[in-house]
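K.L.:
What follows is a single structure, and I will ask about it in a moment.
Throughout, read-outs are computed from the coordinates displayed, never taken from laboratory work. Quick caveat, the model's predicted, so the values are computed rather than measured. Here the Cβ positions follow ideal geometry from the backbone for every residue, glycine too, while neighbour counts run over all protein chains shown.
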Amino acid sequence: MSKPLAPTLRMLPSTTVRKRRELPLRGRVLVSKGAVVASDTIVAEAYRDGELRIVRAAEDLGVVPADVEKYLRFSIGDVVRRGDIIAEIHGLWGLLKTHVLSPIDGSIEFVSSATGHIGVRGPKNRITLTAYLGGVIAEVDPDRGVVVEAHASFVQGIFGVGGEHVGTLAMLDVPIHREVTAADIPINAKNAVLVGGHSPSIEALRLAASRGAVGFVTGSIDDATLKEYVGYDIGVAITGDEPVPMTLIVTEGFGVIPMNSRVEGILRAVSGKIVSINGATQVRAGAVRPEIIGAPSTAVPGEDMGARDEISSEGLRIGGVVRIIRVPYFGQRAVILDLPRGLERIETGASARVARLRLDLDGSEVTVPRANLEIV
Amino acid sequence: MKTEPRDLRTVLVTDCGSTTTKALLFEKGVDRWRQTFRGEAPTTVEEPVADVTVGARNAFAEVQELSGRVILRDDGSFEITSSDSSRGIDLYLSTSSAGGGLQMLVAGVVRSITTESAERAALGAGAIVMEAVSADDGREDYERIERIRHIKPDIVLLTGGVDGGSTSHVVEVAEMLVAAAPRPRFGDTLRLPVIYAGNSDAAESVREILATLANVVVVENVRPSLDRENLGPAREAIHEFFLSHVMSHSPGYGKLLSWTPVPVMPTPAAVGDIVQSYAERSRQSVLCVDIGGATTDVFSVFPDQQGKAVFNRTVSANLGMSYSIANVLVEAGAEAIRRWLPFELGESELRDRLRNKMIRPTSIPQTREDLFLEQAVCREALRLSLKHHRALAVGIEVKRERSIADVFKQSSERYELVSMMHLDIVIGSGGVLSHAPSRMQAALMMIEGFALQGITLLAVDSIFMMPHIGVLNAVHPQAAQEIFEHDCLIKVGVSVVPVYAPHAKIGTRLAEVYVDDALVGVIEPMKVARIPVSAGHTGTLRVVPLHRSIDVGAGIGQICERVIDFGECGIIVDGRNRPFSSDSFSVSRQHDVYEALELLC
């Protein structure tokens, strides 16, 4: 029988973080293996073809498609400016002129004798890729990207919105068990990643963003506030591209749940230091969780700088501490008393593998399906 | 390996899903074929183990451990059955939807004609349609091009125009493809596979235009005329490309393909095949749903106006019970979900609970309340996916004589193929239905979610083995049939729902229900009840409407009679008229429904 599965998020005070940085299409890597980079160093670039506009020349000139080529004023590959006459026809002994103009700056890509269309391609767009965290280039894939390695703390959240940011971590003066209100947001939050409490009000989030914070890490959020913050209801759990000014990461879930004290401790240890954060979440096979990489510094590639993922590799065990992630004990911490081997019938009538637990809150003993436990 | 049906005694089949690879062992017993053992393991198509065969071997190992049958040799190759019947297998088969399944772009000229036919061809072949582009979809050229260039399809299906019609529009669509130059998902050096199934007169021009970009295969037009659809050749070409381009570039699939002498099928295509085969054999209209964590597939077989059975499949890519559960909330709304609950639950609590399920998709309900909430979401996912299916599962009206006006109209008359009143059997698959703690819960989810009407047999796929049986069907139809009907299809019960005009004065009794000529119950307005019948009994069900405006499945005011297997739960009668009206719902009404069906005990 397979081992008990207890999904957990990484919470590491000190580790070697390796981040693969990859261009969306083939391009050029600008740094060498072993180079020391800052979070904003551009490590690779690529050029994407510009937009293509189709000019319906045959229709506009009133000629058959095969004849369009005769009236061209440019050849394929020629550079054109927006408003240039790209094809022209003279009628009535040259007195009447009909022409078509280039809709954009670019170059003539094709002239179709089948449809009489002219394709004008805009200039290429440069795409750049930054290192995202300060560290050492550990690997180079010449036309794709690099791996950046750094010594840092590493914490995963459960859900986030917004993409990559780099800022200075600032602990809010809010204990983990208290909700965050607008009054808790510091006046000077420029480029800060604010951390603390749970269930921030929409006013608190908006104020933090307006004061220049680039990130907000908290225990939980209620769905209505998330909807207000993002501006729409998120359907599928694939995030990271939301049009939000400040990345938001929740470490525990939806509703009212205090931040895990271990997470709070790891983040407090890098207060005042530079952190790299990303809210991107993808809850499918090959799951991506939001992350907070604390105080990255250069590391020698290959050298193990600290504990590697020791928690997530550990399964459920008697005496271990877990958090329950489903009602009726949602959000509560407990100690494992027993892990019965067989299947047991639960209240729903289903049979499941369970664990016997003692709840931290009141010391009561309860039985919970193992699928509803996370190691903390 | 053996492929002749007469030589087969032991067949091992895997379905390599996005998350799990499920291996089933099928064995020929004394009297018939049976599904005997099952093993599963996480699918391995992503780093750090990007080789699908690793997950498959782990699943084999579980089957080997449970059955005691030696399947794998020490060197990792298959043990082939010899005279010792406790060792080896005769044949290995597989389906696959790992890595997101088969993802396609379809393009056509007129949205409601060629593009829709292309979409039906792609869906029927088991694909997910990432984007459907039409020359008349209301977007500017540059908007379409911008959209196409950002997606990475496995295969493009290009259609447009009827045979003998204008060629210029479909050529324009081909030019647009060249302009956007979409890149295939797998293999940087692979040329984009494009299937051209449009106006045959434009085939050469299209091939020429796409020559620099794509590997083009030309097949018969999906829409040779406005009133005829021809999806078979395009579907076959999709399957060929799936094997030669998509599968062979997926991690480890080269090895997997070498293990089996039979083509690996896309999972939904295999399910579609067994649904079609069952409908044909049993001469029934069938609706089948597979509700997963991320997507919901709906399959149907209904007769067209000429009486020919027509198969359709749709996939609602963002309706599901875990990853996509919050999207059901977004699309249906909290109120629509809450109406199915037999208890009060505040909107904010409901939203937070569903969000927590979304971010922790492997968690399971522990309380009955929480279970009923998930089942309420399931009803809405079923409702929305059926709505989507009905919009695409259409027939094309055949006109014996076409007027000049018809020729210029560039449109065709369509009609809905799905008729809930004439649906014979609904089959539910996916964890929430197959593994519901009680079969009655599965029955109620399907009755309410699909708003069933008339007399409908309710069934569930016991352990989601339809993909496995679908691919077995390609080699050994009789074995597939035996396993499907005996081991896979669990007959849950029969629903009886009288339907009448909203303002008809129907009195206090809607219909009488007889089993083998004995009166067993009366259906009352707004009431739901269970009429027990001995489990597994097959007999004659007769439903007699008690008002001339009531339809129970044989036409308004007509008696409906069917010989039927009453399954595990017997007959469930539902006196709530269809479509459901808002006064059908309240917490106390739902409480009564649950109580009547003994779901609150």
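K.L.:
Output the Kirkwood hydrodynamic radius of the protein assembly as shown, Cα pairs only, in Å rounded to one decimal.
P.N.:
About 31.2 Å for the protein assembly as shown.
K.L.:
Take the alpha carbon gyration tensor of the range A:194-286, find the square roots of its eigenvalues, order them as a ≥ b ≥ c, and report rounded if a/c is under 1.5; if not, report prolate when a/b exceeds b/c, else oblate.
P.N.:
Rounded is the answer for the range A:194-286, as its axis ratio a/c remains below 1.5.
K.L.:
Moving to a separate point now. Based on the mean of other Cβ atoms within 10 Å per residue, sort peptides A:76-86, B:435-445 so the most packed one is first.
P.N.:
The packing order, highest mean first, is B:435-445, A:76-86.
K.L.:
Averaged over peptide B:345-357, how many Cβ atoms belonging to another chain are found within 10 Å of each residue's Cβ?
P.N.:
Average per residue, whole number: 5.
K.L.:
Provide a whole-number value for the mean count of partner chain Cβ atoms within 10 Å of the Cβ atoms in peptide B:320-331.
P.N.:
4
K.L.:
On to the next question. How big, in percent, is the set of alpha carbon pairs in the range B:1-119 lying more than 26 Å apart?
P.N.:
The answer is 35 percent, as a whole percent.
K.L.:
Hey, fewest Cβ within 10 Å first, where do A:SER201, B:SER534 land in order?
P.N.:
Numbers: A:SER201 18, B:SER534 9.
Arranged by neighbour count, lowest to highest, A:SER201, B:SER534 become B:SER534, A:SER201.
K.L.:
Hey, another quick one. Place a +1 charge on the Cβ of each Lys and Arg in chain B and a -1 charge on the Cβ of each Asp and Glu, then give the dipole magnitude about the Cα centre in debye, rounded to the nearest 20. Can you show the working numbers first?
P.N.:
Numbers: 60 positive and 77 negative charges, 129 e Å.
I would put it at about 620 debye.
K.L.:
Ranked by Cβ crowding within 10 angstrom, fewest neighbours first, how are B:TRP33, A:TRP93 ordered?
P.N.:
Ascending number of Cβ neighbours within 10 Å: A:TRP93, B:TRP33.
K.L.:
Let me know the mean shielding of A:347-358 by other chains, meaning the per-residue number of their Cβ atoms within 10 Å of its Cβ. Before the final figure, lay out the partial values.
P.N.:
On the way: counts 8, 14, 8, 8, 2, 3, 0, 1, 0, 0, 0, 0.
Going residue by residue through A:347-358 and averaging, the value is 4.
K.L.:
Can you give me the C-alpha center-to-center distance between the range B:408-482 and the range A:106-151, rounded to a whole angstrom?
P.N.:
46
K.L.:
Taking all pairs of different Cα atoms in the range B:115-212, averaging 1/r and flipping that mean, what Kirkwood radius in angstroms comes out?
P.N.:
13.8
K.L.:
Now for a different question. Picking from A:VAL166, B:GLN478, B:GLY100, whose Cα lies most toward the positive end of the charge dipole for the protein assembly as shown (charges on Cβ: Lys, Arg +1; Asp, Glu -1)?
P.N.:
The listed residue farthest towards the positive side: A:VAL166.
K.L.:
Follow-up question, since we're still on this one. In the protein assembly as shown, with Lys and Arg counted as +1 and Asp and Glu as -1 at Cβ, which of these residues, A:GLY119, B:LEU444, B:SER348, has the Cα nearest the positive end of the dipole, that is, farthest along it?
P.N.:
Of the options given, the answer is B:SER348.
K.L.:
If each Cα of the range A:20-138 is one equal point scatterer, what is log10 of I(q)/I(0) from the Debye formula at q = 0.10, 0.12, 0.13, 0.17 Å⁻¹?
P.N.:
-0.48, -0.57, -0.61, -0.79
K.L.:
Projected area of the range B:504-601, taken from the Cα convex hull and averaged over every viewing direction, in nm²? Each step should come with its number before you reach the end.
P.N.:
Values: hull surface 26.8 nm².
Here the figure is 6.7 nm², rounded to one decimal.
K.L.:
Compute the Rg to Rh ratio over the range B:98-148 from the alpha carbon atoms, using the Kirkwood formula for Rh, and round to two decimal places. Provide the component values of the computation, followed by the final result.
P.N.:
Details: Rg = 11.5 Å, Rh = 11.4 Å.
Rounded to two decimals, Rg over Rh is 1.01.
K.L.:
Could you order peptides B:539-550, A:160-171 by the average number of other Cβ atoms within 10 Å of their residues, highest first?
P.N.:
Answer by packing, highest mean first, reads A:160-171, B:539-550.
K.L.:
Which of rounded, prolate or oblate describes the range B:174-265 when judged by the alpha-carbon gyration tensor and an a/c cut-off of 1.5?
P.N.:
Taking the square roots of the gyration eigenvalues as a ≥ b ≥ c, the range B:174-265 is oblate.
K.L.:
Could you list the square roots of 5 times each eigenvalue of the Cα gyration tensor of chain A, that is, the equivalent ellipsoid semi-axes, sorted largest first and rounded to whole Å?
P.N.:
54, 25, 22
K.L.:
Ok, one more. Give, to the nearest whole percent, the P(r) tail of chain B beyond 40 angstrom, counting all Cα pairs.
P.N.:
Working: 56151 of 180300 pairs.
That tail contains 31 percent of the Cα-Cα pairs.
K.L.:
While we're on this one: Considering only A:ILE85, B:ALA50, B:LEU177, whose Cα is most displaced toward the positive end of the charge dipole of the protein assembly as shown, charges sitting on Cβ of Lys, Arg (+1) and Asp, Glu (-1)?
P.N.:
Comparing the listed Cα positions along the dipole, B:ALA50 ranks first.
K.L.:
Rounded, prolate or oblate: pick one for the range A:254-294, where a ≥ b ≥ c are the square roots of the eigenvalues of its C-alpha gyration tensor, a/c under 1.5 means rounded, and failing that, prolate if a/b is larger than b/c, else oblate.
P.N.:
Verdict is oblate for the range A:254-294.
K.L.:
Taking the Cα centre of the range B:552-601 as origin and charging only Cβ (+1 Lys, Arg; -1 Asp, Glu), how large is the dipole, in debye to the nearest 20?
P.N.:
Numbers: 4 positive and 8 negative charges, 51 e Å.
Dipole size: approximately 240 debye.
K.L.:
If you count, for each residue, the other Cβ atoms within 10 Å and average over each peptide, how do B:503-513, A:137-147 line up from highest to lowest?
P.N.:
A:137-147, B:503-513
K.L.:
Next up: Mind putting a number on the dipole of the protein assembly as shown about its Cα centre? Charges go on the C-beta only, +1 for Lys and Arg and -1 for Asp and Glu, and I need it in Debye to the nearest 20. Can you show the working numbers first?
P.N.:
On the way: 102 positive and 121 negative charges, 153 e Å.
Once rounded to the nearest 20, the dipole reads 740 debye.
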